[in-house]
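A.B. asks: Sharing a structure below in structure tokens format, with a few things to ask.
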Amino acid sequence: MTRYEYDSSLQSQNPVSQAQNSVEKAHNAVAQAQSHPSAQMIEQAETAVEKAERSIAQAGHDENKPAVEQAAALLAEDQSALQNLQPMEE
């Protein structure tokens, strides 16, 4: 099981699952930017990270704090990786 696999049968579209999905999308965008560090890919990853931050903020008031905290921790790893990226010359 990867770090982003969740039991979809137990998951409805609530703020926590939306935050988890948003973090997964941000992770994928950061991974793409790492493998192809163009200015456009980095910008797309930054946008995905910003959306994930907003989703986590909205889910922060949910009862399922451990899931929100885990999503925030995973997003923090991706934010750190993204900050270290420099666009390659095209």
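The values are calculated or read from the model by the stated rules, or taken from the named source; none is laboratory data. The structure presented is a predicted model; accordingly, all values stated were derived computationally and were not measured. Methodologically, a virtual Cβ is constructed for each residue, glycine included, from the backbone with ideal geometry; neighbour enumeration extends over all protein chains shown. Protein only, heavy atoms only, side chains kept; ligands, DNA and RNA dropped before computing areas. Shrake-Rupley method; radii C 1.70, N 1.55, O 1.52, S 1.80 Å.
A.B. asks: For the range 16-28, just list the computed ³J(HN,Hα) in residue order, Karplus coefficients 6.51, -1.76 and 1.60, θ = phi - 60°, integers in Hz, with x standing in for Gly and Pro.
C.D. replies: Whole-Hz 3J(HN,Hα) from phi for the range 16-28: 5, 5, 5, 5, 4, 5, 5, 5, 5, 5, 5, 4, 4.
A.B. asks: Counting only residues 5 or more places away or on other chains, whose amide H sits under 5 Å from the amide H of G60 once H atoms are built in the peptide plane?
C.D. replies: Residues meeting the criterion, in which the H sits 1.01 Å from N, do not exist here.
A.B. asks: Here is a further query. Report the full-extension gain for the segment Q86 to E69: residue separation times 0.36 nm, less the Cα-Cα distance, to one decimal in nm. Walk me through the numbers before you get to the answer.
C.D. replies: Working: separation 17, 0.36 × 17 = 6.12 nm, distance 2.84 nm.
The span from Q86 to E69 would gain 3.3 nm if fully extended.
A.B. asks: Taking a 1.4 Å probe, which of E89, E77 shows the most accessible area, and what order do the others take after it? Could the numbers behind the result be given before it?
C.D. replies: Details: E89 175, E77 100 Å².
Largest to smallest exposure gives the sequence E89, E77.
A.B. asks: Peptides 20-32, 41-53: what's the order by average Cβ count within 10 Å, highest mean first? Don't skip to the end; give the middle numbers.
C.D. replies: Working: 20-32: 20.6, 41-53: 18.9.
In decreasing order of mean packing, 20-32, 41-53 become 20-32, 41-53.
A.B. asks: Sticking with this one: Going highest first, how would you order 13-19, 81-87 by mean Cβ packing within 10 Å? Walk me through the numbers before you get to the answer.
C.D. replies: Values: 13-19: 18.3, 81-87: 12.3.
The peptides rank, most packed first, as 13-19, 81-87.
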